[in-house]
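Okay, so here's the structure we're looking at.
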Amino acid sequence: MSNYKVDATLDITDVLCPVTFARTLLKLEDMMVGEILEVFLNDGEPLQKVPKSITDEGHRVILIEKVGDKNRMLVERGE
Amino acid sequence: MLSGLNFTDDQVVRYSRHIILPEVGPKGQKKINNGRVLIIGGGGLGSPVAYYLTAAGVGTIGIIDDDVVDLSNLQRQILYLTNDVGKPKAVSAREKLTALNPGCQVVAYQERLKASNILQIIKDYDVVVDGTDNFGTRFLANDACVITKKPFFHGAVLRFIGQALTILPGEGPCYRCVFQTPPPPSKVQTCAQAGVLGVIPGIIGLIQATEVLKYFLGIGDLLVGELLTYNALTMEFIKTEIRKNPNCPACGVNPANYELSDYEQPVCDLNTR
């Protein structure tokens, strides 16, 4: 796994869209601009849609990598 | 689990389609959750307004109606079921709305809105929705909202036609600017005489509910100074610009110690009996 200082972690592998995106948005709302959120998400729709939706909201996806059977996404909280 | 905006896990799921909308988001949903709406009349207009605002998560819904459910109401008053016939509307409405969203506080007023009680009732609400079936109560509600500077979301229906207007006291014309005084009772055609297609209050009620949500969210253009009319036969929506009447006794430049008063009006038989 890539080394970044992570400020918060969220696992959205137990929910379906659009709750995946909603939970990620809510978590980012709790964080300060520039802080990094680590999100674990499933393949398929979550991986296809959540990173794009988060980017559309003004946050920056730093990386997405495979970790076991899940995906790990790092997001920097935007303005 | 609670987020910083105090949503439970169930709330995140329930309101997820709102939360993911950029124009709503978590903060907008919280504004809706904190909203307090009084609906005057639990009839054809009040039913869809109440259902959708409760579903949207409005924190407090007040519904005032002194009538009981009649079989003839069920053609359009979707808050009620056949086995509700004979029950007080306000109480029956509260049962349905609480079942739909237990997180919404529903206050049932089983009484008639009058000049003597309206200020006491509306003081607990942010906005007022017009679901009344008579001109007298509509004028009374308009005037009380002007006095207390509360947004008033007007709607009315008859036959195949409906209309809606959003009144923001101090910002645009009020209902009395447009219609001035209640028509004489002899000139009023009731629903019993004229009828109404059951879906029309549904359409107009949803426009009113949409305006309420837009107001809470601070998005879009409200129907302030624009009377929207809908004709189901031609399927036309027409917006007509209306202006503040400087001589309006309620909101004009010299509202001379305007006093609330009750009006005698024929009540729509189909709505209430």
Listed residues B:Val91, B:Val199, B:Val253; largest mean-square fluctuation, Gaussian network over chain B with Cα springs below 10 Å, found at B:Val253
Percent antiparallel among DSSP beta bridges confined to region B:35-241, nearest 5, equals 50
In order over region B:228-240: 3J(HN,Hα) from phi, Karplus 6.51/-1.76/1.60, θ = phi - 60°, whole Hz, x for each Gly or Pro, gives 8, 10, 10, 10, 5, 6, 9, 6, 10, 10, 10, 9, 10
Computed for the protein assembly as shown: size of charge dipole around the Cα centre, +1 on C-beta of each Lys and Arg, -1 on C-beta of each Asp and Glu, debye to nearest 20, value 400
For B:Lys149, counting only lysines whose alpha-carbon sits under 21 Å away and dropping same-chain residues fewer than eight positions off, the answer is B:Lys31, B:Lys114, B:Lys123, B:Lys214, B:Lys244
Scoring only Lys, Arg, Asp and Glu (+1, +1, -1, -1) among other residues with Cβ under 14 Å from the Cβ of B:Cys251 yields +3
In whole Hz, the Karplus estimates of ³J(HN,Hα) for region A:35-46 (6.51, -1.76, 1.60; θ = phi - 60°; x where Gly or Pro) are 6, 10, 9, 9, 10, 9, 9, 7, 5, x, 4, x
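For the protein assembly as shown, give me the percentage of DSSP beta bridges that are antiparallel, rounded to the nearest 5 percent.
Taking every DSSP beta bridge within the protein assembly as shown, about 60 percent pair in antiparallel fashion.
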Mean-square fluctuation maximum in Gaussian network of chain B, Cα pairs under 10 Å, restricted to B:Ala232, B:Ala250, B:Ala209, hits B:Ala232
Taking only the Cα positions of the protein assembly as shown, the convex hull volume per residue in Å³ is 156
Quick P(r) readout (region B:35-241; Cα-Cα; 10 Å bins; whole %) gives 9, 37, 40, 13, 0
Among the DSSP H helices of chain B, those whose Cα atoms extend at least 18 Å along the helix axis and whose mean Kyte-Doolittle hydropathy is -0.5 or higher are B:135-148, B:199-217
Residues whose modelled amide H sits under 5 Å from the amide H of B:Ala156, counting only those 5 or more places away in sequence or on another chain, are B:Gln163
Within 10 Å of the Cβ of an average residue in B:22-33, the count of other chain Cβ atoms is 2
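For the protein assembly as shown, what does -39500 (n - 2.57) per DSSP helix run (n ≥ 4), summed and divided by total residues, give at 222 nm, in deg cm²/dmol to the nearest 500?
Calculated at 222 nm, the ellipticity per residue is -9500 deg cm²/dmol.
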Connecting every pair of Cα atoms under 10 Å apart in chain B and solving the GNM, the largest mean-square fluctuation among B:Gln11, B:Gln208, B:Gln77 falls on B:Gln11
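A short reminder: the numbers here are calculations on the coordinates, not readings from a lab. On a predicted model such as this, the values are computed, not experimentally measured, just so you know. For neighbour counting, all protein chains shown are included, and Cβ atoms are generated from backbone atoms with ideal geometry for every residue, glycine included.
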